[in-house]
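Data first, discussion second: the structure below is written as structure tokens.
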Amino acid sequence: MSQRLLFVCLGNICRSPTAENIMNHLLAQANLQEQISCDSAGTGDYHLGEPPDRRMTKAAKQQGITLRGRARQLQALDLKNFDLILAMDQENYRDILSLDPAGQYAHKVRLICEFCSRHADIEVPDPYFGGAEGFDYVIDLLLDACEGLLNSLQLKS
Ligand code: 4NP
């Protein structure tokens, strides 16, 4: 049985699809795609069905990562279905937990920056309303976080 990871941000067009595709990239490099599957979702419904943001896609491409996927909204059932749910910021974290009022799945929800080793950030900053440098920073931060996340998972090589 593979472990199921879900990456969550607000719009599901910038940060969480980037985390999902970076993680898939690292899993493919390590030949571990069979053991872990990744998806992403947004807490909001502003961009449903849209592909990742063009500026985010360009920044990822420069690091050799192709962004795939279409935006969808997080549902309460996702908390049951995924093994680990990774929030990009504290607002996402609270919004995820608000779908689980009994706290049954709270142990599955983490802030992705907990897994960083090169960065001291607590949150992945929302790049949507800023300049190009914000998108480059998201890539750098998520590479760090996803490497740490991969190392933290119990995997059979
Ligand atoms: P994301 O970025 O949460 O990283 O996908 C955003 C995308 C869209 C909006 C905000 C953040 N928005 O307000 O439409």
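Summary of values
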{"item": "Distant-in-sequence amide H partners of I36 (H built 1.01 Å from N, under 5 Å)", "result": "Q3"}
{"item": "Those chymotrypsin sites (Phe, Trp or Tyr not before Pro) in segment 49-136 that DSSP places in a loop and that have at most 14 other beta carbons within 10 Å", "result": "F129"}
{"item": "Exposed trypsin sites (Lys or Arg not before Pro) absent: longest stretch of the chain, with sites in DSSP loops and at most 14 other Cβ within 10 Å deemed exposed", "result": "1-67"}
{"item": "Gyration tensor (alpha-carbon) shape descriptor, segment 1-73, a/c threshold 1.5", "result": "oblate"}
{"item": "Table column - 3J(HN,Hα) (Hz), segment 120-128, Karplus curve with 6.51, -1.76, 1.60, x for Gly and Pro", "result": "9, 4, 9, 10, 8, x, 6, x, 4"}
{"item": "Calculated from backbone phi, Karplus (6.51, -1.76, 1.60) coupling profile of segment 8-15 in Hz, x at Gly/Pro", "result": "10, 10, 7, x, 6, 10, 10, 6"}
{"item": "Other-chain or far-sequence residues with amide H under 5 Å of F7's (modelled H)", "result": "D39, S40, A41, L86"}
{"item": "Sequence-separation-based contact order of segment 1-148, relative, with Cα cut under 8 Å and 6+ spacing, percent", "result": "27"}
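Where a number appears in this text, it was derived from the coordinates with a stated rule and is not lab data. Fair warning: this is a prediction, and the values are worked out from it, not measured in the lab. Heads up, the Cβs are rebuilt from the backbone with ideal geometry, glycines too, and the neighbour counts pull from every protein chain shown.
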